[in-house]
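The structure appears below as structure tokens.
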Amino acid sequence: MSVYLRQVYFTGLEALKIIMVTALLIGTVVITQIISIAGGGSESLTGKVIVWIVVRELAPLLTSMIVVARSGTAIAAELAQMKIAGEIDYLESLGIPCATYLIMPRILGVATAVLLLTVYFEVAAVLGGFLVATLGWHVPWEQYSQGVFSVLTMSELAASLAKSALFGLFIAAICCRQGLSVGRSVTQIPQAATRAVMQSLFLLFLIDGVVSLFFLL
């Protein structure tokens, strides 16, 4: 449990600041582009588009990419260092299963953190977009929120949460696998971290496409 909680803290709480800043910037950019393209009278449309773009796609994807860059490399490097130093073998000699003590808490911790961070990202982006729309173009909350809630269905939320949960599980699993795949040379640590990042990013886009297609059918 302590390993799980530490992973949630490191992956989730410590990354919250950069997630919030990124979400506010994304919300600002999306709203600005919508209004510049659609012009006046697009108050309801701005709310709809920010749900289609941010909640459906960008929130889980960008959150996961930040987690890969920040925590995925750390997980792979940490486990690789432990294996090279012989700590993995020592734990197993004590009868402590590596999968139960090291791998599963990290996988579940990262999945939990990505899920929560995605929710924070979506809320910050939607509210940040409204703040920009209000201050810059005097968009009333009633029309903006009407557009948001008219397309923010349970299917949209389910797709977003399903993506974030799957992203977190696969990111952590790949990083753990790559970290434990090293031999006995310390030069393999950065190589394992690089492979973990590249494979995680590839799988993010693959899962994103599959889940999006599933919810559209």
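So for the range 97-184, averaging the separation of alpha carbon pairs under 8 Å that are six or more residues apart and normalising by length, what relative contact order in percent results?
Numbers: 40 pairs, mean separation 49.9, N = 88.
Taking the mean separation of contacting Cα pairs over the length of the range 97-184, I get 57 percent.
Magnitude of the Cβ-charge dipole of the range 2-212, K/R +1 and D/E -1, about the Cα centre, nearest 20 debye? Intermediate results must be reported in sequence, preceding the final value.
Values: 11 positive and 11 negative charges, 75 e Å.
The calculation lands at about 360 debye.
Going by a ≥ b ≥ c, the root eigenvalues of the Cα gyration tensor, does the range 4-125 fall in the rounded group (a/c under 1.5), the prolate group (a/b larger than b/c) or the oblate group? Let's see the in-between values first.
Working: a/c = 4.33, a/b = 3.54, b/c = 1.22.
The shape class here is prolate.
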Exercise. Using the per-residue mean of other Cβ atoms lying within 10 Å as a proxy for protection, in what order, highest first, do the peptides 168-181, 85-98, 131-144 fall?
Worked result: 168-181, 131-144, 85-98
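So for the range 2-212, averaging the separation of alpha carbon pairs under 8 Å that are six or more residues apart and normalising by length, what relative contact order in percent results? Numbers along the way, then the final one.
Details: 289 pairs, mean separation 79.8, N = 211.
Over the range 2-212, the number comes to 38 percent.
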Exercise. Farthest toward the dipole's positive end in the chain, which of 7, 216, 61, given Cβ charges of +1 (Lys, Arg) and -1 (Asp, Glu) about the Cα centre?
Worked result: 7
Seminar exercise, completed: Here FRET efficiency (C-beta to C-beta, residue 85 to residue 191, R₀ 22 Å, nearest 0.05) is 0.85
Problem set entry | Residue (of 127, 27, 101) at the positive-pole extreme of the chain, dipole from beta-carbon charges | 101
Seminar exercise, completed: For residue 83, counting only lysines whose alpha-carbon sits under 22 Å away and dropping same-chain residues fewer than eight positions off, the answer is none
Seminar exercise, completed: At 25 °C and 0.890 mPa s, the Stokes-Einstein diffusion coefficient in µm²/s for the chain, with hydrodynamic radius from the Kirkwood sum on alpha carbon pairs, is 133 µm²/s
Problem set entry | Crossing angle, helix 188-216 versus the chain [Cα axis fit, 0-90 degrees, rounded to tens] | 40 degrees
Exercise. Label residue 94 and residue 37 with points 7 Å out from Cα along Cα→Cβ: what is the distance between them in nm?
Worked result: 5.6 nm
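Every number here is computed from the coordinates shown, using simple stated rules; none is lab data. Please read these numbers as outputs of a predicted model, since none were measured by experiment. Positions of Cβ are backbone-derived with ideal geometry, glycine not excepted, and every protein chain shown enters the neighbour counts.
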